Amino acid sequence: MSRLKVRKTYKLWIGGAFVRSESGRHDESDGFNYPRASRKDVRDAVAAARKAAKPWADRTAYNRGQILYRAAEALESRAGTMGVPREEVDASVDVLLHYAGWTDKIQPVLGGINPVAAPFLSFSLPEPTGVVGIVAPDAPPLLGLIAELSPALAGGNVCVAVLSENHPLPALDLAEALGVSDVPAGVVNLLSGRRRELATALGAHRDLNAILDAAGDAELSAELDRLAAETIKRVRHGEAARTYEDATSNALNRLETVTELKTAWHPVGA
Amino acid sequence: MIRRLPHVDRVGIEERAAQLGKRSIKTTAKQQGIRLAVSMVDLTTLEGADTPGKVRHLCAKGVCPAPTMPEIPSVAAICVYPQLVAVAIEALNGSGVKTASVATGFPAGQVSLAAKLRDTEDAVQAGADEIDMVISREAFLAGDDARVQQEIVAVKERCGDAHLKVILETAELGSYDHVRHASMLAMEAGADFIKTSTGKASAGATPGVCLVMLEAIRDYADRTGRIVGFKAAGGVSTSKAALHRLVLVKETLGDEWLTPDRIRIGASSVLNDLLMQYAKTETGRYGRAEDFSKE
Amino acid sequence: MSIETRTSIVWDYAPAPESTDHIRLRDRYGIFENGEFREPRDGRYVPTINPATEEPLAEVAYGGPDDVAAAVQSARAAYPKWAALKDLERAKYLFRIARLIQERSRELAVVETLDGGKPLRESRDVDIPLAAAHFFHYAGWADKLRYGVNAREVSPLGVVGQIVPWNFPLLMAAWKLAPALACGNVAILKPAETTPLTALLLAEICQEAELPPGVVTILPGDGGTGATLVRAPGIDKVAFTGSTAVGRDIQAALAGTSTHLTLELGGKSANIVFEDAALDQAIEGIVNGIFFNQGHVCCAGSRLLIQESVRDEVIAKLWPRMGRLRVGDPMDKNTDVGAINSAEQLERIEVLVAAGEEEGATRRTIECELPERGYWFAPTLFTDVSPAHRIAIEEIFGPVVSVLTFRTQAEAIEKANNSRYGLAAGIWTDKGSKAFEVAGALQAGVVWQNTYNHFDPTAAFGGYKDSGFGREGGPAGLRPYLNIVR
């Protein structure tokens, strides 16, 4: 007699907790129901992210690197159960590792000391931009998300991501891995549902600092650009990352989008 | 007159305070430390809902914190609002435990000088041994050091034989530079003790604040020969925190300062944690809240 | 309240010894080569002792000339595969080593203290965490080299020979191995004569990390082993941390060869206190600067330069503060100053301190009870020191600070720079512009402003002048281990 399995209930990941959509709506994928998030869930996710933003940015770069590494450990240990091909999980772990190694290198690479022509010490320092919205591509459902998340987190930002519309389950499983790693509550928030509905709600939210759009939907991209203009959000439109190289070869580009450069001056004298 | 602030480096002072928090206090040293800490507690209740009944219970607890452990001393004082001083005096009669009263429009101090002095007089007349006043942060933050000091002098005059603790409310002063400056102002104006906080503001006697004030006390004593005591209030809620403050005293001022005549800890919940930790040193068991009476 | 007499209160800290019963040391350690421990070919076994007790801890194989040659051969054989590995895979080995150091941190801290004499609090809170952090930081560079050195193509150098000192044994091993391996080199590390144990535990960690055999060789030995290693054919680069005297020998020995070299040598660093300093914090910085690790620190603030207007005040605060230092059993968690690393080092300190007294400086040594056995030197302050005195010029490498004074900012800079060394300096002032101008004027590779003895894997460290050349830490730490192709 075969044993009946306990089936998983899929939920959204907001503020470090698994919650159902406040709308109560659902969609189906692969024989499972999952929440169809609403604009109010987007609102809650952005609030949770904003609350987590300063504490996350205040941690040392080393600490953030350690946390991303642990997230990689957690994902690696679940490699067989993510519902995507092994190669995709391996590439996702490797991308997390690559960006775990970036956290304490962004400042020397993107920042520097400015040899101004006056007796001042002037330095330029990249800092996190804050709350970053992400529109993940439909495929690959795990790697496509991780490629957008990792540089944002490495840069000291917090994220609210709209997941693959047709295959959200691997990303919701990722939430479990994040939940057991040391990623603080609210630093990553994951919303499943209808992409256009959620992405426009996210893009219109005035308390978002940047949008990373990898959905490959030209109409949506244009709409996001228009919405971003209202509060001068930083925007990057990119292709879905299908390989480790896609996610990492343009690392500087990705990192620069989610950092702000602050230049300071101080006299050098007596 | 333009104020000249002293220099205190925040990173440096917090590093030193944290470093001293790593001292490992074990066995006999822990027991002695806990007994010392208990003897320094100003057991406090400062709530709108305080009544004579509540204060009587607190006094009994303060006189004999742990009937099952007779080697635990009484606390140093009970600290209450002026309205309840008479109740405390009666309940503590003959025990040696002092009655301390807050005054001067505690905690905000946003009343006229006349009202502050009247408040003080009420407490002194009711028999308080010790007065805990608040400095005028309104004057301090406006840079009016002279007025801050004048108020302290006037309150001290009304104290008579009672000793005066001056609360700086360090969380509201701005920086460690300001904490040191306020400490000096208070000592120069005649404070018998300087105290960190009212316990009603956001932060209290953090290790950094305690260290800055202890250094000021040390330098003042070296310069003038006059000993001013220190009271840590607010945020010292565990045995570990209390022992950390004792380490700060020991390594800044020396062992001879570890007496309730010079050091006080203003608290309520720390007392039971001290008792639990003491019991653990005897029994080896981690304790539970019910092992001791709450009041 | 007036001063009253009272019966004196004494609150002593009870002994707080860290336990050693979770440590398992082997009786004997061989040479770690090709992923295994092996017997020395022409070397010998030598006991390594605990300088706080003079008790032997284990026997360690010192490598002879044949051992050096065999090590170089096995490293050369392992090099091509290691260099050809996908760079992220190389990174993963280093990440593993970092995590393993963290997992075994208490064991490593205890062994470091037993073998070297430094307080457990330091090995636990400074040495071991920083060692893990170095591996973690450089792991992250392995697949980002072209960003670190701004090049389009880089290649490793090959086989590197690395010699580390006894003052921060595991940490110095991490400073050497992490960047070397991240860049694709293989390494032969010779730990110091008196402190081989944590390097040998690191060898075990390399095994646990499944590091390919031959990528790291741990070759204990004495000065002779080191001298043979640096001259061995097949070594592409030498990295040495130690005394200026030996550094000079190595540089001379490599003259005319194409072997790359970096040196991190001695110092006689000036710790400068201006009258507008946050004085109590400056006192802590002075104490930390010279008594941290018993003053066995190349960048120790051993020359205290005080602005004359605050000289008396600084000394009046410094002396009692020194008196509160707890000197004794390094395994006690409350100890501030541990044992001197060896009988030889103790003698060197005593000779220079005697010279100081003979030269006419005023010596004050704190009163403290020192254990019967072991090597100890109580923290010592010299005042009335002139710049011409030996104790103002020569590196003592012990818990001894020499005080000089200055009148103006310009004089402070001049005095601080008047040394053949140029490793570090400290500046204590509340005025930012002064802090930056003085920092700019000092001939020192590391300048600490309103702090001292802070280290981080991201911040480059190294000296000017006789204190050596080359930097460790940050992207600058990659350059010595790479060839820039284009």
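Here, each number is a calculation from the coordinates, and none is a lab measurement. Every value quoted in this text rests on a predicted model; they were computed, and no experiment measured them. Quick reminder, even Gly has a Cβ in these numbers, built from the backbone with ideal geometry, and neighbours come from all protein chains shown.
Near C:LEU261, the amide H atoms lying under 5 Å from its own belong to C:VAL238; only residues 5 or more places off or on other chains count, and H is placed 1.01 Å from N. Between B:ARG264 and B:PHE230, B:LYS231, B:ALA232, the built amide H atoms are under 5 Å apart, and every one of these is 5 or more places off in sequence or on another chain. Applying the criteria of a DSSP loop state and at most 16 other Cβ atoms within 10 Å to the GluC sites (Glu not before Pro) of region C:27-56 yields C:GLU54. Region A:1-71 and region C:23-76 have Cα centres lying 52 Å from one another. In this structure, the amide hydrogen of B:VAL111, modeled 1.01 Å from its nitrogen in the peptide plane, lies closer than 5 angstrom to no residue at least 5 positions away or on a different chain.
What the Cα atoms of chain C give is an Rg and a Dmax of 22.7, 79 Å.
Using only Cα atoms and rounding to the nearest 10 degrees, what angle (0 to 90) does helix C:311-323 make with the longest principal axis of chain C? The two axes meet at around 60 degrees. Across region A:180-193, computed HN-Hα scalar couplings (Karplus, 6.51 cos²θ - 1.76 cosθ + 1.60, θ = phi - 60°) run 9, 8, 9, 5, x, 4, x, 6, 10, 10, 10, 10, 9, x Hz from first to last residue, x flagging Gly and Pro.
In peptide C:135-144, what is the residue-averaged number of other protein chain Cβ atoms found within 10 Å of each Cβ?
Values: counts 0, 8, 7, 1, 5, 12, 4, 1, 7, 8.
Counting Cβ atoms of other protein chains within 10 Å of each residue's Cβ and averaging gives 5.
Farthest towards the positive end of the charge dipole of region C:270-456, among the residues C:ALA277, C:MET331, C:VAL401, is the Cα of C:ALA277, using unit charges on the Cβ of Lys, Arg, Asp and Glu. Overall, the protein assembly as shown carries a charge dipole of about 1620 debye about its Cα centre when +1 sits on the Cβ of Lys and Arg and -1 on the Cβ of Asp and Glu, all other atoms neutral.
Could you check what % of the DSSP bridge pairs in the protein assembly as shown are antiparallel, to the nearest 5? Just about 35 percent of them are antiparallel.
Taking a ≥ b ≥ c as the square roots of the eigenvalues of the alpha carbon gyration tensor, region B:1-139 is oblate, as a/c is not under 1.5 and a/b does not beat b/c.
Once R0 is set to 41 Å, what does the formula 1/(1 + (r/R0)^6) return for the Cβ-Cβ distance between C:GLU103 and C:VAL351, expressed as a FRET efficiency to the nearest 0.05? Please report the intermediate quantities before stating the final value.
On the way: r = 43 Å, r/R0 = 1.05.
My answer for the efficiency is 0.45.
Karplus-derived 3J(HN,Hα) values for region B:53-66, using 6.51 cos²θ - 1.76 cosθ + 1.60 with θ = phi - 60°, are x, 4, 5, 4, 4, 5, 5, 4, 4, x, 5, 9, x, 9 Hz; glycine and proline are entered as x. For region C:211-223, 3J(HN,Hα) computed residue by residue from phi via the Karplus equation (6.51, -1.76, 1.60; θ = phi - 60°) reads 4, x, x, x, 6, 10, 10, 10, 10, x, x, 10, x Hz, glycine and proline entered as x. Reducing region C:366-405 and region C:445-478 to their Cα centroids gives an inter-centroid distance of 25 Å.
At R0 = 30 Å, how high is the FRET efficiency between A:TRP265 and B:ALA203 if r is their beta carbon distance? Nearest 0.05 is fine. Walk me through the numbers before you get to the answer.
Details: r = 33 Å, r/R0 = 1.09.
Between A:TRP265 and B:ALA203 the formula returns 0.40.
Helix C:128-141 and the longest principal axis of the Cα set of chain C meet at an angle near 50°. With runs of 4+ DSSP H residues as the only contributors, calculate the mean residue ellipticity of chain C at 222 nm using -39,500 (n - 2.57) per run, divided by the residue total and rounded to the nearest 500. Dividing the helical sum by the residues of chain C leaves -11500 deg cm²/dmol.
Rounded to the nearest 20 debye, the dipole magnitude of region B:46-199 is 280 debye, with +1 charges on Lys and Arg beta carbons, -1 on Asp and Glu beta carbons, and the Cα centre as origin. When its C-alpha radius of gyration is set against 2.2 N^0.38 Å (N residues), chain A gives a value of 1.03.
Between B:THR27 and B:LYS294, 0.36 nm times their residue separation minus their Cα-Cα distance comes to what?
Taking B:THR27 through B:LYS294 to full extension adds about 93.6 nm, to one decimal.
Against the main long axis of the alpha-carbon atoms of chain C, helix C:432-441 sits at an angle near 60°.
Rounded, prolate or oblate: pick one for region C:305-440, where a ≥ b ≥ c are the square roots of the eigenvalues of its C-alpha gyration tensor, a/c under 1.5 means rounded, and failing that, prolate if a/b is larger than b/c, else oblate. Please report the intermediate quantities before stating the final value.
Values: a/c = 1.92, a/b = 1.61, b/c = 1.20.
It comes out prolate by the Cα gyration axes.
Peptide B:16-29 is shielded by partner chain Cβ atoms: per residue, an average of 4 of them sit within 10 Å of its Cβ. When the Cα positions of B:ALA146, B:ALA91, B:VAL270 are compared along the charge dipole of region B:16-281, B:VAL270 comes out farthest toward the positive end, with charges on each C-beta of Lys, Arg, Asp and Glu.
The distance from the alpha carbon centre of region C:319-346 to that of region B:135-195 is 41 Å, rounded to a whole number.
Determine the calculated [θ] at 222 nm for chain A from helices alone, applying -39500 (n - 2.57) to every DSSP H run no shorter than 4 residues and normalising by the residue count; nearest 500 deg cm²/dmol. Write down the numbers at each step before the final one.
Details: 10 runs with 115 residues, N = 270.
Rounded to the nearest 500, the figure is -13000 deg cm²/dmol.
Quick check on my link table: of A:LYS5/A:LYS40; A:LYS105/A:LYS233; A:LYS54/C:LYS144; C:LYS92/C:LYS190, which ones sit more than 31 Å apart, alpha carbon to alpha carbon? Long pairs (Cα-Cα over 31 Å): A:LYS5/A:LYS40.
Can you list the residues of region C:78-101 with backbone N under 16 Å from a point 7 Å past the Cα of C:ARG38, pointing along Cα to Cβ? Answer for region C:78-101: C:78-79.
How large is the dipole of region C:96-176 about the Cα centre if only Lys and Arg carry +1 and Asp and Glu carry -1, each at its Cβ, rounded to the nearest 20 debye?
Working: 11 positive and 9 negative charges, 48 e Å.
So the dipole magnitude of region C:96-176 works out to roughly 240 debye.
The simple Förster model, with R0 at 30 Å and r as the Cβ-Cβ distance, assigns C:ALA316 and C:ILE9 a FRET efficiency of 0.80. Exposure proxy for B:LYS240, B:LYS156: other Cβ atoms within 10 Å of each Cβ, ordered fewest to most, give B:LYS240, B:LYS156.
When A:MET82, C:MET322 are ordered from fewest to most other Cβ atoms inside 10 Å of their Cβ, what list results?
Values: A:MET82 21, C:MET322 24.
Arranged by neighbour count, lowest to highest, A:MET82, C:MET322 become A:MET82, C:MET322.
Mean partner shielding of peptide C:285-291, defined as the number of other chain Cβ atoms within 10 Å of each residue Cβ, is 1.
Percent relative contact order of chain C, based on C-alpha pairs within less than 8 angstrom and at least six residues apart? If you can, show how the numbers build up before the last one.
Numbers: 1098 pairs, mean separation 86.8, N = 486.
Taking the mean separation of contacting Cα pairs over the length of chain C, I get 18 percent.
Highest average first, the peptides C:399-410, C:258-269 ordered by how many other beta carbon atoms sit within 10 Å of their residues are C:258-269, C:399-410.
Compute the Cα gyration tensor for the protein assembly as shown, then decide on rounded, prolate or oblate, letting a ≥ b ≥ c be the square roots of its eigenvalues: rounded whenever a/c is under 1.5, prolate when a/b is larger than b/c in the other cases, and oblate in all that remain.
Working: a/c = 1.74, a/b = 1.16, b/c = 1.50.
Here the protein assembly as shown falls in the oblate category.
Put in order of Cβ neighbour count within 10 Å, fewest first, the listed residues C:TRP376, A:TRP13 become C:TRP376, A:TRP13.
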